[in-house]
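Heads up, the thing below is written out as structure tokens.
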Amino acid sequence: MSPDGWDDGDDELDERPRNARSADEAAVEAANTAFYEAMETGDFEGVADRWLDDGATPITCVHPGWPVLTGRGEVLRSYALIMANTEYIQFFLTDLKISLAGGTAVVTCTENILSGGPAEDGAALGPLVGQLVVATNVFRHTPDGWKMWSHHASPVLAETEETEDDEPGTDGTEPPA
């Protein structure tokens, strides 16, 4: 058992009653939701507060198309840059799944993102862009609640309009026979 009273073993070894696990799942979901709400409202301090800050465990983050960011400074700097360059962002989370193993939780979800940049020509809002991203968020239980340890987001590639009737070499992806 860890110093904070949480069993760090596998789910099979977790002897807490099911209702305690349900309460943990609800708390993890609330922490996950609070992270995305802080992003939507541009609350940098709220985003920073959602991340693990125990002074010993390095946090990590991968934004779509970015390299791995390691350490609190790099990760929070990335969110400051994103917030400074995004006028509007809204997350519609779907396919949310939570797995618990003692004091660690893994949340997987699809981020259906609607975002906009700076307004042009006196408009109230810049052009809106939709993006589909799959994310894995890893949380650790701390005395201050569930804190994000790692965030990894990858874009979902759009399907092509290629049909089965296309002959090799006609779509430019295969050389002609």
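Summary table
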quantity	calculated
Under 5 Å, built H, 5+ apart or other chain: amide partners of residue 59	71, 72
For residue 128, net neighbour charge (Lys/Arg +1, Asp/Glu -1) across residues whose Cβ lies under 15 Å away	-3
Per-residue HN-Hα couplings for region 62-69 [Karplus 6.51, -1.76, 1.60; θ = phi - 60°; Hz; x = Gly/Pro]	10, 8, x, x, 9, x, 5, 9
Rounded if a/c under 1.5, otherwise prolate or oblate - region 59-120, Cα gyration tensor axes	oblate
Values of log10 I(q)/I(0), in the order q = 0.13 Å⁻¹, for region 55-158 under a Debye, Cα-only, solvent-free model	-0.57
Amide H partners (placed H, <5 Å) of residue 134, local residues excluded	111, 154, 156
Residues whose placed amide H lies under 5 Å from that of residue 96, excluding near-sequence neighbours	110
Shape call, region 26-84: gyration tensor on alpha carbons, a/c limit 1.5	oblate
Estimated vicinal HN-Hα couplings, Hz - region 108-116 in sequence order (Karplus 6.51, -1.76, 1.60; Gly, Pro = x)	10, 7, 9, 8, 8, 9, 10, 9, x
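Throughout, read-outs are computed from the coordinates displayed, never taken from laboratory work. Owing to the predicted nature of the structure, the values given are computational and were not obtained by experimental measurement. Using ideal geometry, Cβ is built from the backbone for each residue, glycine included, and neighbour counts are taken over all protein chains shown.
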